[in-house]
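Input: a single structure, listed below in structure tokens.
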């Protein structure tokens with residue numbers, strides 16, 4: 001087999017594993033993306049990743065509804081600093 005075929009297979013396998021390890025969180029009254037990020041991914045400043053993963057059902061990051069089922073994405077360590085900078089930029093607005 002060609003070397004690129006193995007690369008594609010490895011890439012597809014890793015994205016499938018990431019999709020399988022994603023979790024779902026049901027919003028309860030009083031929760032925010034900040035609090036959900038803190039309890040699910042261990043760092044509230046990573047809330048923009050949750051927002052991006054659920055843009056289809058969240059119109060404004062400050063408005064959540066009890067009963068919403070949010071996908072909790074897998075955030076790789078290499079992505080965390082960029083997500084934190086995004087949170088700082090959004091909070092500054």
**Message:** Tell me the relative contact order for region 22-92 as a rounded percent, counting alpha carbon contacts under 8 Å between residues six or more apart.
**Reply:** 42 percent
**Request:** Sort 70, 90 so the one with the fewest other Cβ atoms within 10 Å of its own Cβ comes first.
**Result:** 90, 70
**Request:** For a footprinting-style exposure proxy, rank 93, 23 by other Cβ within 10 Å, fewest first.
**Result:** 93, 23
**Request:** Take the eigenvalues of the Cα gyration tensor for region 22-92, scale each by 5, and report the square roots as semi-axes in whole Å, largest first.
**Result:** 18, 13, 11
**Item:** Segment residue 69-residue 92, extension gain: residue separation times 0.36 nm, minus the distance between their alpha carbons
**Value:** 5.5 nm
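Every number here is computed from the coordinates shown, using simple stated rules; none is lab data. Model, not experiment: these values are computed from the prediction. Every residue, glycine among them, receives a Cβ derived from its backbone with ideal geometry; neighbour counts consider all protein chains shown.
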